[in-house]
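Have a look at the structure below before the remarks.
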Amino acid sequence: MEVPFADLGREVAAMRDEIDAAIARVIESGWFVLGEEGRAFEREFAAAMGAVHAVGVASGTDAIELGLRATGVGVGDEVITQANTCVPTVAGITRSGATPVLCDVNPESATINIASLEGAIGNRTRAVVPVHLYGQCADVDGISALCKPRGIAVVEDCAQAHGATLSGRGAGTMGDAGAFSFYPTKNLGAIGDGGAVVTSDPELAERLKLLRVYGQADRYRHVVEGVNSRLDELQAAILRVKLPRLEAANERRAEIAAAYTEALADARVAPLALLPGRRHAFHLYVVRVAERELFMKRMAALGIATLIHYPLPIHRQPAYTHLADGPVALSASDALAERIVSLPVYPQLTDGEVEHVCAALGSFS
Ligand SMILES: *Cc1c(COP(=O)(O)O)cnc(C)c1O
(Lines give C-alpha, C1' and ligand atoms only; values in the text may rest on other atoms or scores of the structure.)
Protein backbone atom coordinates (compact mmCIF):
# COMPACT_ATOMS: atom_id res chain seq x y z
CA MET A 1 0.00 0.00 0.00
CA GLU A 2 1.26 3.47 -0.90
CA VAL A 3 0.52 6.27 1.55
CA PRO A 4 1.67 9.57 0.02
CA PHE A 5 2.67 12.39 2.37
CA ALA A 6 -0.04 14.64 0.94
CA ASP A 7 -2.65 14.26 -1.79
CA LEU A 8 -4.33 17.53 -2.65
CA GLY A 9 -6.25 15.92 -5.51
CA ARG A 10 -8.34 13.88 -3.07
CA GLU A 11 -9.46 16.96 -1.19
CA VAL A 12 -10.45 18.91 -4.29
CA ALA A 13 -12.24 15.91 -5.85
CA ALA A 14 -14.60 15.73 -2.88
CA MET A 15 -15.86 19.29 -3.51
CA ARG A 16 -15.15 19.68 -7.20
CA ASP A 17 -18.65 20.80 -8.23
CA GLU A 18 -18.76 23.54 -5.63
CA ILE A 19 -15.28 24.74 -6.54
CA ASP A 20 -16.17 24.83 -10.23
CA ALA A 21 -19.31 26.83 -9.40
CA ALA A 22 -17.30 29.28 -7.28
CA ILE A 23 -14.78 29.80 -10.07
CA ALA A 24 -17.57 30.33 -12.62
CA ARG A 25 -19.25 32.84 -10.28
CA VAL A 26 -16.07 34.93 -10.11
CA ILE A 27 -15.46 34.80 -13.85
CA GLU A 28 -19.03 35.84 -14.56
CA SER A 29 -18.83 38.71 -12.07
CA GLY A 30 -16.08 40.34 -14.11
CA TRP A 31 -14.44 41.56 -10.85
CA PHE A 32 -11.20 39.81 -9.92
CA VAL A 33 -9.33 41.68 -7.19
CA LEU A 34 -10.70 43.20 -3.93
CA GLY A 35 -14.39 42.55 -4.40
CA GLU A 36 -17.40 40.85 -2.85
CA GLU A 37 -15.86 37.36 -2.59
CA GLY A 38 -12.82 38.67 -0.76
CA ARG A 39 -14.91 40.74 1.64
CA ALA A 40 -17.28 37.84 2.31
CA PHE A 41 -14.36 35.49 2.92
CA GLU A 42 -12.73 37.99 5.30
CA ARG A 43 -15.95 38.18 7.34
CA GLU A 44 -16.41 34.40 7.37
CA PHE A 45 -12.76 33.66 8.15
CA ALA A 46 -12.60 36.20 11.00
CA ALA A 47 -15.74 34.67 12.52
CA ALA A 48 -14.42 31.11 12.14
CA MET A 49 -11.11 32.01 13.82
CA GLY A 50 -12.84 33.96 16.61
CA ALA A 51 -11.32 37.27 15.48
CA VAL A 52 -13.03 40.59 14.78
CA HIS A 53 -11.24 41.50 11.54
CA ALA A 54 -9.49 39.55 8.80
CA VAL A 55 -7.57 41.18 5.96
CA GLY A 56 -6.74 39.02 2.95
CA VAL A 57 -3.22 39.22 1.53
CA ALA A 58 -1.25 37.32 -1.10
CA SER A 59 0.61 34.80 1.10
CA GLY A 60 1.47 33.78 4.64
CA THR A 61 4.87 35.43 4.29
CA ASP A 62 3.15 38.69 3.36
CA ALA A 63 0.77 38.26 6.30
CA ILE A 64 3.79 38.16 8.64
CA GLU A 65 5.47 41.14 6.95
CA LEU A 66 2.35 43.30 6.88
CA GLY A 67 1.17 42.17 10.31
CA LEU A 68 4.50 43.36 11.71
CA ARG A 69 4.50 46.59 9.73
CA ALA A 70 0.94 47.36 10.87
CA THR A 71 2.09 47.14 14.50
CA GLY A 72 4.80 49.71 13.72
CA VAL A 73 7.78 47.41 13.10
CA GLY A 74 10.34 48.66 10.60
CA VAL A 75 14.00 49.27 9.85
CA GLY A 76 16.23 49.29 12.94
CA ASP A 77 13.90 47.09 14.98
CA GLU A 78 14.54 43.53 16.08
CA VAL A 79 11.89 40.82 15.88
CA ILE A 80 12.32 37.55 17.76
CA THR A 81 11.11 34.18 16.53
CA GLN A 82 12.05 30.57 17.16
CA ALA A 83 14.97 28.87 15.44
CA ASN A 84 13.15 25.74 14.26
CA THR A 85 10.53 27.26 12.05
CA CYS A 86 9.77 27.32 8.38
CA VAL A 87 11.99 29.86 6.57
CA PRO A 88 9.04 32.11 5.52
CA THR A 89 8.58 33.18 9.16
CA VAL A 90 12.02 34.78 8.97
CA ALA A 91 11.55 35.97 5.37
CA GLY A 92 8.45 37.88 6.50
CA ILE A 93 10.36 39.47 9.38
CA THR A 94 13.20 40.54 7.09
CA ARG A 95 10.80 41.99 4.55
CA SER A 96 9.21 44.17 7.25
CA GLY A 97 12.61 45.88 7.43
CA ALA A 98 13.41 44.44 10.86
CA THR A 99 16.34 42.24 11.87
CA PRO A 100 15.36 38.69 12.92
CA VAL A 101 16.69 37.37 16.22
CA LEU A 102 16.32 33.67 17.06
CA CYS A 103 15.42 32.04 20.34
CA ASP A 104 15.16 28.38 21.35
CA VAL A 105 12.20 26.04 21.81
CA ASN A 106 10.98 23.53 24.37
CA PRO A 107 12.41 20.14 23.39
CA GLU A 108 9.14 18.34 24.24
CA SER A 109 6.81 20.46 22.10
CA ALA A 110 8.97 22.47 19.66
CA THR A 111 7.13 25.64 20.74
CA ILE A 112 8.90 28.80 21.91
CA ASN A 113 10.85 28.53 25.17
CA ILE A 114 9.89 31.43 27.42
CA ALA A 115 13.21 31.64 29.29
CA SER A 116 15.11 31.67 26.00
CA LEU A 117 12.77 34.33 24.63
CA GLU A 118 13.39 36.47 27.69
CA GLY A 119 17.13 36.13 27.16
CA ALA A 120 16.78 37.22 23.54
CA ILE A 121 14.89 40.44 24.33
CA GLY A 122 17.05 43.52 23.95
CA ASN A 123 16.70 47.31 23.66
CA ARG A 124 15.70 47.13 20.02
CA THR A 125 13.17 44.30 20.32
CA ARG A 126 9.94 45.58 18.85
CA ALA A 127 7.94 42.39 18.22
CA VAL A 128 7.86 38.64 18.82
CA VAL A 129 6.52 36.13 16.28
CA PRO A 130 5.58 32.94 18.14
CA VAL A 131 5.00 30.05 15.74
CA HIS A 132 2.16 27.62 16.48
CA LEU A 133 4.40 24.98 15.02
CA TYR A 134 2.81 21.83 13.56
CA GLY A 135 -0.60 23.17 14.66
CA GLN A 136 -0.09 23.46 18.42
CA CYS A 137 -0.40 26.85 20.11
CA ALA A 138 2.68 28.33 21.73
CA ASP A 139 2.39 29.69 25.27
CA VAL A 140 1.05 33.04 24.11
CA ASP A 141 0.10 34.04 27.68
CA GLY A 142 3.68 33.58 28.87
CA ILE A 143 4.93 35.47 25.82
CA SER A 144 2.46 38.33 26.31
CA ALA A 145 3.42 38.58 29.99
CA LEU A 146 6.99 39.33 28.84
CA CYS A 147 6.02 41.55 25.92
CA LYS A 148 3.14 43.73 27.14
CA PRO A 149 4.98 45.60 29.91
CA ARG A 150 7.86 46.29 27.49
CA GLY A 151 5.64 47.56 24.68
CA ILE A 152 6.65 44.66 22.43
CA ALA A 153 4.05 43.53 19.86
CA VAL A 154 3.05 39.88 19.41
CA VAL A 155 2.25 38.70 15.86
CA GLU A 156 1.33 35.01 15.89
CA ASP A 157 2.48 32.83 12.99
CA CYS A 158 -0.66 30.73 12.48
CA ALA A 159 0.30 29.31 9.08
CA GLN A 160 0.04 25.77 10.51
CA ALA A 161 -2.72 26.40 13.04
CA HIS A 162 -6.08 27.23 11.42
CA GLY A 163 -8.62 26.30 14.07
CA ALA A 164 -6.14 25.55 16.88
CA THR A 165 -7.06 26.95 20.28
CA LEU A 166 -5.45 27.77 23.63
CA SER A 167 -7.82 27.96 26.63
CA GLY A 168 -10.69 28.31 24.17
CA ARG A 169 -9.14 31.24 22.27
CA GLY A 170 -8.43 30.82 18.58
CA ALA A 171 -4.88 30.89 17.22
CA GLY A 172 -4.31 34.40 15.91
CA THR A 173 -6.63 36.12 18.39
CA MET A 174 -4.32 36.22 21.40
CA GLY A 175 -1.59 38.58 20.24
CA ASP A 176 -1.87 41.93 18.44
CA ALA A 177 -2.36 40.11 15.13
CA GLY A 178 -2.31 36.60 13.68
CA ALA A 179 -0.78 35.72 10.30
CA PHE A 180 -2.32 32.88 8.29
CA SER A 181 -1.23 31.18 5.06
CA PHE A 182 -3.55 29.50 2.56
CA TYR A 183 -0.75 27.70 0.74
CA PRO A 184 -2.39 24.55 -0.76
CA THR A 185 -1.08 22.07 1.82
CA LYS A 186 -2.15 24.07 4.89
CA ASN A 187 -5.19 23.02 6.95
CA LEU A 188 -7.13 25.63 4.98
CA GLY A 189 -5.52 25.82 1.56
CA ALA A 190 -6.29 27.72 -1.64
CA ILE A 191 -5.62 26.52 -5.18
CA GLY A 192 -2.58 28.74 -5.31
CA ASP A 193 -1.13 31.26 -2.87
CA GLY A 194 -3.02 33.29 -0.32
CA GLY A 195 -2.90 34.59 3.24
CA ALA A 196 -4.71 36.71 5.80
CA VAL A 197 -4.02 38.72 8.94
CA VAL A 198 -6.58 38.62 11.74
CA THR A 199 -6.83 41.17 14.53
CA SER A 200 -9.31 42.61 16.99
CA ASP A 201 -7.84 46.11 16.64
CA PRO A 202 -9.82 48.14 14.07
CA GLU A 203 -6.96 50.61 13.53
CA LEU A 204 -4.53 47.81 12.84
CA ALA A 205 -7.01 46.32 10.35
CA GLU A 206 -7.28 49.69 8.59
CA ARG A 207 -3.48 49.99 8.34
CA LEU A 208 -3.34 46.49 6.85
CA LYS A 209 -5.90 47.46 4.24
CA LEU A 210 -3.72 50.41 3.27
CA LEU A 211 -0.47 48.45 3.27
CA ARG A 212 -1.77 45.72 0.94
CA VAL A 213 -2.74 48.20 -1.75
CA TYR A 214 0.33 50.46 -2.07
CA GLY A 215 -0.84 52.65 0.82
CA GLN A 216 -3.77 53.94 -1.17
CA ALA A 217 -6.42 55.66 1.00
CA ASP A 218 -8.64 56.99 -1.81
CA ARG A 219 -8.19 56.56 -5.52
CA TYR A 220 -4.61 57.56 -6.39
CA ARG A 221 -3.96 59.14 -2.99
CA HIS A 222 -1.26 57.18 -1.14
CA VAL A 223 -0.74 57.88 2.56
CA VAL A 224 1.84 55.22 3.50
CA GLU A 225 4.44 53.25 1.58
CA GLY A 226 2.69 49.96 0.98
CA VAL A 227 3.01 46.93 -1.29
CA ASN A 228 0.83 44.92 -3.66
CA SER A 229 -0.41 41.95 -1.63
CA ARG A 230 -4.00 40.88 -2.10
CA LEU A 231 -6.05 37.72 -1.87
CA ASP A 232 -7.71 37.57 -5.28
CA GLU A 233 -11.40 36.85 -5.83
CA LEU A 234 -10.85 33.37 -7.27
CA GLN A 235 -8.88 32.19 -4.24
CA ALA A 236 -11.35 33.85 -1.87
CA ALA A 237 -14.29 32.13 -3.57
CA ILE A 238 -12.53 28.74 -3.40
CA LEU A 239 -11.60 29.28 0.25
CA ARG A 240 -15.28 30.01 0.97
CA VAL A 241 -16.09 26.50 -0.27
CA LYS A 242 -13.46 24.96 1.98
CA LEU A 243 -13.85 27.01 5.16
CA PRO A 244 -17.13 25.37 6.32
CA ARG A 245 -15.31 22.00 6.14
CA LEU A 246 -12.30 23.06 8.22
CA GLU A 247 -13.75 22.00 11.56
CA ALA A 248 -14.55 18.46 10.40
CA ALA A 249 -11.19 18.20 8.64
CA ASN A 250 -9.36 19.19 11.83
CA GLU A 251 -11.40 16.61 13.76
CA ARG A 252 -10.33 13.93 11.29
CA ARG A 253 -6.70 15.01 11.69
CA ALA A 254 -7.04 14.70 15.47
CA GLU A 255 -8.58 11.24 15.10
CA ILE A 256 -5.68 10.06 12.93
CA ALA A 257 -3.17 11.62 15.34
CA ALA A 258 -4.79 9.82 18.28
CA ALA A 259 -4.55 6.50 16.41
CA TYR A 260 -0.82 7.07 15.72
CA THR A 261 -0.15 8.04 19.33
CA GLU A 262 -1.84 4.86 20.53
CA ALA A 263 0.16 2.77 18.06
CA LEU A 264 3.39 4.34 19.35
CA ALA A 265 2.81 3.35 22.96
CA ASP A 266 5.48 0.63 22.88
CA ALA A 267 7.60 1.84 19.99
CA ARG A 268 11.07 3.41 20.00
CA VAL A 269 9.42 6.49 18.59
CA ALA A 270 7.88 9.28 20.67
CA PRO A 271 5.33 11.84 19.50
CA LEU A 272 5.90 15.46 20.50
CA ALA A 273 4.14 16.43 23.71
CA LEU A 274 0.53 17.57 23.69
CA LEU A 275 0.48 20.70 25.83
CA PRO A 276 -2.46 21.25 28.22
CA GLY A 277 -5.44 23.49 27.42
CA ARG A 278 -4.98 23.24 23.67
CA ARG A 279 -6.80 22.02 20.63
CA HIS A 280 -4.03 20.92 18.27
CA ALA A 281 -4.75 21.47 14.55
CA PHE A 282 -2.36 18.65 13.55
CA HIS A 283 -1.09 20.33 10.44
CA LEU A 284 1.77 17.88 10.94
CA TYR A 285 2.16 14.82 13.15
CA VAL A 286 5.76 14.85 14.30
CA VAL A 287 7.64 12.14 16.18
CA ARG A 288 11.14 12.00 17.62
CA VAL A 289 13.26 8.98 16.88
CA ALA A 290 16.93 8.38 17.55
CA GLU A 291 17.43 6.02 14.58
CA ARG A 292 15.75 8.35 12.14
CA GLU A 293 17.34 7.13 8.96
CA LEU A 294 16.41 3.53 9.72
CA PHE A 295 12.88 4.54 10.68
CA MET A 296 12.32 6.50 7.48
CA LYS A 297 13.70 3.62 5.41
CA ARG A 298 11.39 1.13 7.13
CA MET A 299 8.41 3.37 6.52
CA ALA A 300 9.38 3.88 2.88
CA ALA A 301 9.71 0.11 2.42
CA LEU A 302 6.09 -0.19 3.61
CA GLY A 303 5.01 2.50 1.14
CA ILE A 304 4.63 5.22 3.79
CA ALA A 305 6.02 8.62 2.87
CA THR A 306 7.68 10.67 5.62
CA LEU A 307 9.32 14.10 5.63
CA ILE A 308 11.38 16.20 8.05
CA HIS A 309 10.03 19.57 9.19
CA TYR A 310 12.62 20.96 9.21
CA PRO A 311 15.96 19.25 8.65
CA LEU A 312 17.84 22.53 9.30
CA PRO A 313 16.89 25.14 11.87
CA ILE A 314 17.06 28.68 10.49
CA HIS A 315 20.60 29.41 11.73
CA ARG A 316 21.88 26.28 9.91
CA GLN A 317 20.38 27.33 6.58
CA PRO A 318 23.12 28.59 4.23
CA ALA A 319 21.23 31.87 3.77
CA TYR A 320 20.93 32.53 7.51
CA THR A 321 24.14 31.33 9.17
CA HIS A 322 24.70 34.90 10.40
CA LEU A 323 21.75 34.43 12.77
CA ALA A 324 23.66 31.77 14.71
CA ASP A 325 25.57 34.43 16.68
CA GLY A 326 22.51 35.66 18.54
CA PRO A 327 21.98 36.41 22.21
CA VAL A 328 20.86 32.89 23.24
CA ALA A 329 21.85 29.26 22.68
CA LEU A 330 19.75 27.33 20.18
CA SER A 331 20.70 23.85 21.34
CA ALA A 332 17.18 22.40 21.72
CA SER A 333 16.36 23.45 18.15
CA ASP A 334 19.59 21.84 16.92
CA ALA A 335 18.93 18.63 18.85
CA LEU A 336 15.32 18.36 17.65
CA ALA A 337 16.34 18.78 14.03
CA GLU A 338 18.40 15.59 14.33
CA ARG A 339 15.48 13.43 15.47
CA ILE A 340 12.16 14.69 14.14
CA VAL A 341 10.10 12.99 11.42
CA SER A 342 6.61 13.86 10.13
CA LEU A 343 4.00 11.23 9.22
CA PRO A 344 1.11 11.67 6.77
CA VAL A 345 -1.88 13.12 8.69
CA TYR A 346 -4.20 14.74 6.12
CA PRO A 347 -7.96 14.26 6.58
CA GLN A 348 -8.45 12.33 3.32
CA LEU A 349 -6.39 9.35 4.50
CA THR A 350 -8.63 6.29 4.46
CA ASP A 351 -9.14 4.16 7.56
CA GLY A 352 -7.20 1.41 5.78
CA GLU A 353 -4.24 3.72 5.22
CA VAL A 354 -4.30 4.88 8.83
CA GLU A 355 -4.34 1.25 10.01
CA HIS A 356 -1.41 0.49 7.70
CA VAL A 357 0.61 3.35 9.21
CA CYS A 358 -0.35 2.29 12.75
CA ALA A 359 0.78 -1.28 12.08
CA ALA A 360 4.07 0.01 10.67
CA LEU A 361 4.61 2.23 13.73
CA GLY A 362 3.81 -0.61 16.10
CA SER A 363 6.34 -2.84 14.35
CA PHE A 364 9.16 -0.34 14.98
CA SER A 365 9.81 -1.44 18.56
C1 LIG B 1 3.63 27.97 5.23
C2 LIG B 1 4.24 28.76 6.33
C3 LIG B 1 4.47 30.14 6.21
C4 LIG B 1 4.36 30.91 4.93
O5 LIG B 1 3.32 30.80 4.16
P6 LIG B 1 3.35 31.13 2.57
O7 LIG B 1 1.90 31.29 2.30
O8 LIG B 1 3.97 29.97 1.89
O9 LIG B 1 4.09 32.40 2.37
C10 LIG B 1 4.95 30.82 7.31
N11 LIG B 1 5.18 30.20 8.47
C12 LIG B 1 4.97 28.88 8.64
C13 LIG B 1 5.25 28.27 9.97
C14 LIG B 1 4.51 28.12 7.57
O15 LIG B 1 4.32 26.80 7.75
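The values are calculated or read from the model by the stated rules, or taken from the named source; none is laboratory data. Worth saying up front: this structure is predicted, and the values here are computed from it rather than measured. For neighbour counting, all protein chains shown are included, and Cβ atoms are generated from backbone atoms with ideal geometry for every residue, glycine included. Ligands, DNA and RNA are stripped out before the accessible areas are found, and what is left, the full protein with its side chains, is counted by its heavy atoms. Shrake-Rupley method; radii C 1.70, N 1.55, O 1.52, S 1.80 Å.
Sequence gap of 8 or more, or different chains, plus Cα separation below 30 Å: how many lysine pairs satisfy both in the chain?
On the way: 148/209; 186/209; 186/242; 186/297; 209/242.
Value for the chain: 5.
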Task: Within-12-Å neighbourhood charge of residue 364 [Cβ basis; K, R +1; D, E -1] - done: +2
Task: Qualifying chymotrypsin sites (Phe, Trp or Tyr not before Pro) for region 11-103 [loop in DSSP, other Cβ within 10 Å: at most 16] - done: 31, 32
TODO: For residue 218 and residue 294, compute 0.36 nm times the residue count separating them, minus their Cα-Cα distance, and round to one decimal in nm.
DONE: 21.3 nm
Task: Mean accessible surface per residue for the chain, computed with a 1.4 Å probe while every protein chain stays in place, in Å² - done: 41
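State, as an integer percentage, the relative contact order of the chain based on alpha-carbon contacts under 8 Å between residues 6 or more apart. Numbers along the way, then the final one.
Values: 806 pairs, mean separation 84.5, N = 365.
Over the chain, the number comes to 23 percent.
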Open item on the list: Report the Cα-based extents of region 1-139 along its three principal axes, largest first, to the nearest Å.
Closed with: 54, 46, 25
Task: Whole-angstrom gap from region 295-365 to region 233-275, using each part's C-alpha centre - done: 16
- [ ] Output the Cα-based Rg and Dmax of region 213-365 in Å, rounding Rg to one decimal and Dmax to a whole number.
- [x] 20.9, 66
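Based solely on its DSSP helices, what 222 nm [θ] is calculated for the chain when runs of n ≥ 4 H residues each add -39,500 (n - 2.57) and the sum is averaged over all residues, nearest 500 deg cm²/dmol? The partial results should precede the final answer.
On the way: 13 runs with 139 residues, N = 365.
One gets -11500 deg cm²/dmol as the mean residue ellipticity at 222 nm.
Between residue 2 and residue 317, 0.36 nm times their residue separation minus their Cα-Cα distance comes to what? Each step should come with its number before you reach the end.
Values: separation 315, 0.36 × 315 = 113.40 nm, distance 3.15 nm.
Residue separation times 0.36 nm, minus the Cα-Cα distance, leaves 110.3 nm.
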Open item on the list: So the label point goes 7 Å from the Cα of residue 270 along Cα→C-beta, right? Which residues of region 288-302 then have their backbone N under 20 Å from it?
Closed with: 288-296
Task: Overall form of region 174-296 per C-alpha gyration tensor (a/c, 1.5; a/b vs b/c) - done: prolate
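Work through the residues other than residue 185 whose Cβ is under 15 Å from its Cβ and net out their charges, Lys, Arg +1 and Asp, Glu -1. Each step should come with its number before you reach the end.
Working: positive: 10, 186, 242, 253; negative: 7, 11, 193.
Net of charged neighbours comes to +1.
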Open item on the list: Could you tell me how many cubic angstrom of Cα convex hull volume the chain has per residue?
Closed with: 128
- [ ] Assign unit charges at the C-beta atoms only (+1 for Lys and Arg, -1 for Asp and Glu), then state the dipole size of region 230-362 relative to its Cα centre in Debye, rounded to the nearest 20.
- [x] 200
Open item on the list: For region 225-287, what does the relative contact order come out to in percent, with C-alpha contacts under 8 Å and a separation of six or more?
Closed with: 32
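What FRET efficiency comes out for the pair residue 350/residue 325, r = Cβ-Cβ distance, R0 = 51 Å, nearest 0.05?
Numbers: r = 48 Å, r/R0 = 0.95.
Once the sixth-power term is evaluated, E becomes 0.60.
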Open item on the list: Starting from the 7 Å offset along Cα-to-Cβ, what nm value, one decimal, do you get for the label separation of residue 251 and residue 15?
Closed with: 1.5
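What is the percent carbon and sulfur in the accessible area of the chain, measuring with a 1.4 Å probe over the protein chains and ignoring ligands?
In the chain, the share of accessible area belonging to carbon and sulfur is 54 percent.
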Open item on the list: Could you tell me how far the Cα centroid of region 81-96 sits from the Cα centroid of region 210-227, in Å?
Closed with: 25
Task: Nearest-10 value in Å² for the accessible area of residue 297, using the 1.4 Å probe - done: 140
Task: Net charge of neighbours whose Cβ lies under 15 Å from the Cβ of residue 43, counting Lys and Arg as +1 and Asp and Glu as -1 - done: -2
